[in-house]
Amino acid sequence: MKKVINLVQFIGDTEASSAEDGIRLFEAIKELVQKDVTVCLDFDGLDHCVTRFLNPAIGQLYGVFDRNILNKFVMFKNVRASHVDKIKAVTSNAQNYYNDPNEYEKTMLDIV
């Protein structure tokens, strides 16, 4: 089974900028993936998308599911190039964090 979630309709705006909306999307995706439903996130009509939204929406998924599960059950369509870069950054950071949270925090503190 496959569920398409149009982000503009889900959020009710053409800008994905709030962490609260990201958390709501995370909960929706998590529930569907737990039921073995493939989720297709449709970015059609979305003008702006920031990491404050993407971190809770997508990044948190790596704390719940294995990367292979997410690759199988979460898909994207109609994504602008600028959004792709942010999605890649969020997923990379989330994978690094959830692989070893203590080391990630230490590295981040060393950078600062």
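Brief remarks on what is shown
- Flag for Phe65 being part of a loop (DSSP other than H, G, I, E, B) and aromatic (Phe, Trp, Tyr): yes
- Residue list for the stretch 28-62, restricted to those being assigned to a helix (DSSP H, G or I), over 11 Å from the mean Cα position of the chain (by Cα) and not β-branched (Val, Ile, Thr): Ala28, Glu31, Leu32, Gln34
- Residue that is surrounded by the fewest Cβ atoms within 10 Å (Cβ to Cβ) [pool: residues in the stretch 1-15 that are in contact with a Lys or Arg (Cβ under 9 Å, 6 or more places away or on another chain) and within 19 Å of Val79 (Cβ to Cβ)]: Val4
- Any hit, the stretch 26-43, residues being touching a Lys or Arg at 6+ places or on another chain (Cβ under 7 Å), hydroxyl-bearing (Ser, Thr, Tyr) and under 19 Å from Tyr98 (Cα atoms): no
- Once the stretch 68-77 is narrowed to residues that are outside any helix (DSSP H, G or I) and in contact with a helix residue (DSSP H, G or I) (Cβ under 9 Å, 6 or more places away or on another chain), the residue that is surrounded by the most Cβ atoms within 10 Å (Cβ to Cβ) is Val74.
A short reminder: the numbers here are calculations on the coordinates, not readings from a lab. Everything quoted here is computed from the prediction, not taken from an experiment. Glycine gets a Cβ as well: all are built from the backbone with ideal geometry, and neighbour counts include every protein chain shown.
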